[in-house]
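Q: Starting off with a structure, shown below.
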Amino acid sequence: MSALSAVIVAAGSGTRMGSAISKQYLPLGDKPILAHALEAFQRCEAVRAIVLVVGADDVERGRCLVLEHRIDKCTAVVAGGADRQQSVHAGLRALDRETEWVMVHDGVRPFVTVELIERLWAAVRQCEAAVLAVPVKDTVKLVDSAGWIEATPDRSRLWAIQTPQAFRLDVLLAAHEAALRDGFRGTDDAVLVERIGRRVRIVEGEYTNIKITTPDDLAWGSFWLKGRQKP
Ligand code: C5P
């Protein structure tokens, strides 16, 4: 029996959305964005516990959301930190002792599905670290601060990384602690594991598993949800 828990981070303030309310609490269809993400992990049988990380002022609000949407696998709602990495670390520290494997997911990715979680879970058990990703469709350029192109990486080798990202808990904890010690800040968890010399596997995800960042994403998300709900 391999004990899998999920850490869902939702402690960001979402300045790029331009709304007074943090984006994870904005409605998408009939419920907040964050509730969609929580429900996918709640429904997935492989997941036995969920830790929700919210802003320091939102702990009560997070608890209410968990109750209202019957996320009964949620074992803790904890306050996050100043950046995503600190929030994930706070979530990892709140996991129970039985946890052997962890999936870290952004609370602003509401279109994650049970099928995607299961696909990632099947893959990570064959290694120790795996992340969902999709092949990049656009040509990507490396650009200097003055706006001049410096390099054009080979597109056939580029993948856009998503969450959830899955790890053996001991590996991810070691990676976070090394990053903290070295003052390293990464934009995802995989990079912390890569920099301690461990290998991370790519698992092909879905283009629809978007991160809601700007108002355009929310408009697209509402449109997509309506289409999905049609008989
Ligand atoms: O910053 P970004 O848009 O990449 O955020 C990805 C996820 O990290 C979001 O779900 C956001 O709520 C979370 N986050 C967090 N704590 C922070 C900053 C972001 O939990 N301090």
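Every number in this text was worked out from the coordinates using simple rules, so none of it is lab data. Worth saying up front: this structure is predicted, and the values here are computed from it rather than measured.
Q: Based on the alpha-carbon gyration tensor of the range 108-176, what equivalent-ellipsoid semi-axes (square roots of 5 times the eigenvalues) come out, in whole Å, largest first?
A: 29, 16, 12
Q: Pull up the cross-link candidates among the lysines for LYS31, meaning alpha carbon to alpha carbon under 28 Å and not fewer than 8 places away within one chain.
A: Within the straight-line cut-off, LYS31 pairs with LYS23, LYS73, LYS211, LYS226, LYS230.
Q: Could I ask something else about it? Given the C-alpha centroids of the range 15-47 and the range 169-223, what is the distance between them in whole angstrom?
A: 18
Q: Based only on the alpha carbon positions, what is the Kirkwood hydrodynamic radius of the range 1-145, in angstrom?
A: 16.0
Q: Among DSSP beta bridges lying fully in the range 1-141, give the percent that are antiparallel, nearest 5.
A: Of those bridges, close to 10 percent are antiparallel.
Q: Roughly how compact is the range 22-72, stated as its Cα Rg over 2.2 N^0.38 Å to two decimals?
A: Here the answer is 1.10, to two decimals.
Q: Using the Kirkwood radius over Cα pairs, work out the Stokes-Einstein diffusion coefficient for the range 115-231 at 37 °C and 0.692 mPa s, in µm²/s as a whole number.
A: 198
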